[in-house]
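In what follows, a structure is listed as structure tokens, so that the remarks can point back to it.
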Amino acid sequence: MPFDLVVRRGLVVSHDGSRRVDLGIREGRVAKVGKSLTSGAEEVDASGLVVMPGMVDAHVHLREPGMTEKEDFYSGTRAAAAGGVTTVIDMPNTVPPVATAEIFSAKLAAVSGKAHVDFGLYGMLGQDNADEVADLARLGALGLKLFMGQTTGDNHCPDDAAIFTGLRRARDAGLVVGAHAENDKVLRLLASELKASGRTDPIAHLESRPSFVEEEAIARVVTLARGAGARLHIHHLSTAAGLDLVTAARRRGQDVTCEVLVAHLLLDDSAYARFGNLIKLNPPIRPASDVAALWQGLSRGRVDVLATDHAPHTLEEQWRADVWEAPGGFIGVETMLPLMLTQVAKGRLSFSQLVRVGAWRPAQIWGFGDRKGHLGVGADADFNLVDPAVESRIEDARLHSRHPVSPYDGWPTTGAVRATYLRGVPVAKDGQVLGEPTGRFVTAARQRSTYLGAT
Ligand SMILES: [Zn+2]
């Protein structure tokens, strides 16, 4: 049987190396990998290009339902497709929060048919929804988000008993718990003190959430997860101290993984002077010493996941001058790959390292590594054709989010996504989104994903 598509002579990158081979694609999957494959109904000449698995952004907020004035599944996944991200995992702090099976089903129904890339959904680990966890897993939730510290939406941080109960239920259901690890009570106390002293400047936000606020929450949730026997993922880890805790827990054999954000790698606290509240983020943009520790963790294989925390808001919200009125987060799903390709060109990480943290490990951790994150036989043919040498610039005006404003406007880039394919079909070319939404709901393979450990 002939191939539907053959991608010829590209440098195909995986998490552990790269090879100049052809990819033979049939019915949306990689059917054969090798030299000089027989012809396909369609042929793509990838000479001089890098063929990367589609990025898996494990941390996005597409704001649907309930906050679609900021973004929705249509606009957010168009941004993903244009940026070479072929799978996103959407967070549950929408309105209403995804705390019950009924709300999960309603969200899935509302967003289905609108996605230009494949998507998974998180449920919430809340104060009183432990009895929903098994049903959330049955409906296909990829994990449970645990908000230990205040963020966008009306999410009350559960107390330690609720956290422990949720961790146990997640363990029983085979779900990973993903923690936003900050001590809520302490950050609120510090914020109220700073507010009372009259501070309204952007750096007051950083001062309200110092390193130890993250460190304490990571220590607590790592310990509770060990006690409950649950798999744990630390979202947007931002400090040297936090990374040390995760590394130590893994050395003891605990199943805990961690994620860093593009923003925490590319911005440090000197950026507040330039960008103000646009770069307000939870946890905050940190001093350069923390940024250096995250880069070191990435190069040593201690960081599992690179994500964006794509967190859109309206322009009016993004430009608020009072730090306490400004929302947390900003867009990033479309700029992740060009920005990180630029870091590859600078020699700060390799293509394989980028694939490892940006596609392969996330797919493993959330249980769909059989189909995503690599281009081996049987995998979904989700890939990017990347020209590693082309010089360009990020231009906010060309981004696809509903409110395209980011701190990266005007940043020079080396390396560009020429085309993005989802299950063998092009969904974007040179930053232009193609066709109607064909994204599908992604669930975990029935078999529990195995912990692969630190390298
Ligand atoms: Zn987030």
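The values are calculated or read from the model by the stated rules, or taken from the named source; none is laboratory data. What you are looking at is a predicted structure, and each value in this text was computed from that prediction instead of being measured. All Cβ positions, even for glycine, are placed from backbone atoms using ideal geometry, and neighbour counts span all protein chains on display. In case anyone asks, the SASA skips ligands and DNA or RNA and just uses the protein heavy atoms, side chains included. Shrake-Rupley method; radii C 1.70, N 1.55, O 1.52, S 1.80 Å.
Details
- Relative contact order for the chain: 21 percent, from Cα pairs under 8 Å spaced at least 6 residues apart, divided by residue count.
- What you get for the chain, charging only the Cβ of Lys and Arg (+1) and of Asp and Glu (-1), is a dipole of about 1520 debye around the Cα centre.
- Segment GLU69-SER47, length gained on full extension (0.36 nm per residue, minus Cα span): 3.7 nm
- Each stretch of four or more DSSP H residues adds -39500 (n - 2.57); spread over every residue of the chain, this sum gives -8500 deg cm²/dmol at 222 nm.
- Rg/Rh, computed from the Cα trace of the chain with Rh as the Kirkwood radius, has the value 0.95.
- Where labels lie 7 Å past Cα in the beta-carbon direction, separation of ASP131 and VAL95 in nm: 2.8
- Solvent-accessible area, 1.4 Å probe, carbon plus sulfur percent, for the stretch 98-144: 53
- Label point at ASP172 placed 7 Å out along Cα→Cβ; residues across the stretch 128-165 whose backbone nitrogen lies under 18 Å: 128-141, 143-145, 161-165
- Accessible surface, per residue, of the stretch 334-455 when the full set of protein chains is kept, probe 1.4 Å, Å²: 42
- Accessible surface, the stretch 14-138, averaged per residue in Å² (probe 1.4 Å): 35
- Each of LEU267, THR257, GLY332 was scored by the projection of its Cα onto the charge dipole of the chain, and the greatest displacement toward the positive side belongs to THR257; charges sit on the C-beta of Lys, Arg, Asp and Glu.
- Rg/Rg_ref, the stretch 64-185, where Rg_ref = 2.2 N^0.38 Å and atoms are Cα: 1.04
- With each label modelled as a point 7 angstrom along the Cα→C-beta vector, the LEU189-ASP322 pair spans 2.5 nm.
- Fraction of accessible area attributable to carbon and sulfur, the stretch 1-95 (%, probe 1.4 Å): 48
- A crude spin-label estimate for the pair THR38 and SER270, with each label 7 Å from Cα along the Cβ direction, gives 5.9 nm.
- Residue (of VAL427, PRO404, VAL355) at the positive-pole extreme of the stretch 341-455, dipole from beta-carbon charges: VAL355
- Helix axis angle, 184-196 relative to the chain longest principal axis, alpha carbon, degrees: 70
- Spin-label proximity, LYS346 to the stretch 402-428 - amide N less than 20 Å from point 7 Å beyond Cα toward beta carbon: 406-417
- The stretch 220-273 - percent of accessible surface contributed by carbon and sulfur, probe 1.4 Å: 50
- For LYS145, a cut-off of 30 angstrom between C-alpha atoms picks up these lysines, skipping any fewer than 8 places away in its own chain: LYS70, LYS107, LYS114, LYS185, LYS195, LYS280, LYS372.
- Maximal additional length on extending the GLU102-ARG20 stretch stands at 24.7 nm, based on 0.36 nm per residue less the C-alpha distance.
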